[in-house]
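We did not get these values from a lab; they are worked out from the coordinates using the rules stated. None of these values were measured; they are calculated from a predicted model. FYI the Cβ positions are ideal-geometry reconstructions off the backbone, even for glycines, and counts take in every protein chain you see.
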Amino acid sequence: MASMRSIKRRKESVQSTQQITKAMKLVSTVKLQRSKTRAEQSKDYFTCMYATVKSMLAKVGEVNHPYLKAPDTSKKGVIVITSNRGLAGGYNSNVIKLVTNGDFVKEDLKVYAIGKKGKDALSKKGYEIAGDYSDFIEDPVYVEAMQICEQVLKAYADGEIGEIYLAYTAFKNTVSHVPTLLKLLPVEQGEADGEVSDTNAMMNFEMDEAEALDMIIPKYVTSLIYGGMVEAVASENGARMQAMDSATSNAEEMIDKLSLQYNRARQGSITQELTEIIAGAQAIS
């Protein structure tokens with residue numbers, strides 16, 4: 001049995017850790033309320049943007065535009081949104097698994113990382129990091145999403161990548177966060193949301209087609225990147241709050257067990273001392 005001193009030291013260490021996890025839980029709870037409101041307010045807009053533009057692009061017909069014609073290359077670009085910090089359960093690892101366990105070929109993939117955890121993990125696994133935007137995830141703003149969009153669309157238009165994906169964690173509610181992989185470009189001609197569209201219902205443009213698409217597609221990609229970042233921040237805080245709550249509960253259980261062990265050790269020590277005193281008294285008499 002461990003000594004009373006070692007049990008006491010371990011108990012104090014667990015109590016100290018519990019204080020940290022409690023504080024982190026409170027901080028995450030406050031951050032979650034703010035990020036949750038922001039995610040819920042913007043979710044409808046970005047969901048509608050994705051469905052509407054995807055449907056529209058599927059009906060444009062034979063339009064010669066660099067954003068609609070997939071470049072002749074096997075290279076793919078994926079925008080990976082994770083966090084800059086850990087201690088959030090499986091939040092980061094679940095997004096990384098979307099990339100590593102998916103149908104992507106490592107040698108043909110370019111990663112545009114938003115978040116240090118995703119960048120570091122994928123870099124160690126040998127993936128090419130084409131862009132690092134880790135600072136953007138701290139407090140996402142639309143302008144920063146535009147910067148990412150410009151680089152990714154330029155690589156797409158220049159033929160460096162033939163497909164663009166977005167890997168992030170969708171925020172459902174406080175306890176439900178879903179790792180999600182979206183294909184942004186190209187949109188398959190004649191398909192929208194898994195249904196074959198009416199080929200007679202083609203999309204008409206009042207202005208020049210190229211000019212309209214030059215405006216719409218960057219806004220579409222930027223909106224989805226920004227929406228993914230906003231939802232990812234809410235999911236991160238929710239995951240960290242749950243992880244710290246579980247850690248605090250586990251620490252409480254460990255403290256109870258250590259207290260029981262300490263009391264047993266103390267009782268055993270007292271019993272031993274009494275036995276030695278009685279034995280000594282008997283020997284003298």
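A few notes on this one:
- Those lysines that a straight Cα-Cα span of less than 16 Å connects to LYS106, excepting residues fewer than 8 apart in one chain: LYS75, LYS76, LYS97, LYS119, LYS124, LYS125
- The long axis of helix 142-157 is offset from the longest Cα principal axis of the chain by roughly 60 degrees.
- Alpha-carbon centroids, the stretch 123-161 and the stretch 65-97: separation in whole Å: 9 Å
- Computed over the chain, relative contact order equals 32 percent, with contacts defined as Cα pairs under 8 Å that lie 6+ residues apart.
- In order along the stretch 250-256, phi translates into HN-Hα couplings of 5, 5, 4, 5, 5, 5, 5 Hz, rounded to whole numbers, per the Karplus curve 6.51 cos²θ - 1.76 cosθ + 1.60 with θ = phi - 60° and x for Gly and Pro.
- Highest-fluctuation residue, TYR112, TYR50, TYR168 considered, GNM on the chain with Cα pairs under 10 Å: TYR50
- Residue with peak Gaussian network fluctuation, the chain [Cα springs, cutoff 10 Å], from TYR45, TYR91, TYR165: TYR45
- Computed E for LYS22/ASN101 - FRET, C-beta separation, R0 30 angstrom, nearest 0.05: 0.30
- Between 0 and 90 degrees, the angle of helix 4-57 with respect to the longest Cα principal axis of the chain falls at about 10 degrees.
- Listed candidates (i) 38; (ii) 30; (iii) 48 - label of the one calculated as percent of Cα pairs over 29 Å apart: (iii)
- For the chain, the mean residue ellipticity at 222 nm estimated from helices alone is -21000 deg cm²/dmol, where every DSSP H run of n ≥ 4 contributes -39500 (n - 2.57) and the total is divided by all residues, rounded to the nearest 500.
- SER259 versus ASP208: modelled label distance in nm, points set 7 Å from Cα along the beta carbon direction: 7.7 nm
- Long-range amide H partners of THR82 with built H, under 5 Å: ILE114, GLY115, GLY118
- Amide H contacts for THR169 (H built 1.01 Å from N in the peptide plane; partners 5 or more residues away or on another chain; cut-off under 5 Å): THR180, ALA232.
- Karplus-based coupling profile of the stretch 121-127, in residue order and whole Hz: 5, 6, 5, 5, 7, x, 7, with θ = phi - 60° in 6.51 cos²θ - 1.76 cosθ + 1.60 and x standing for Gly or Pro.
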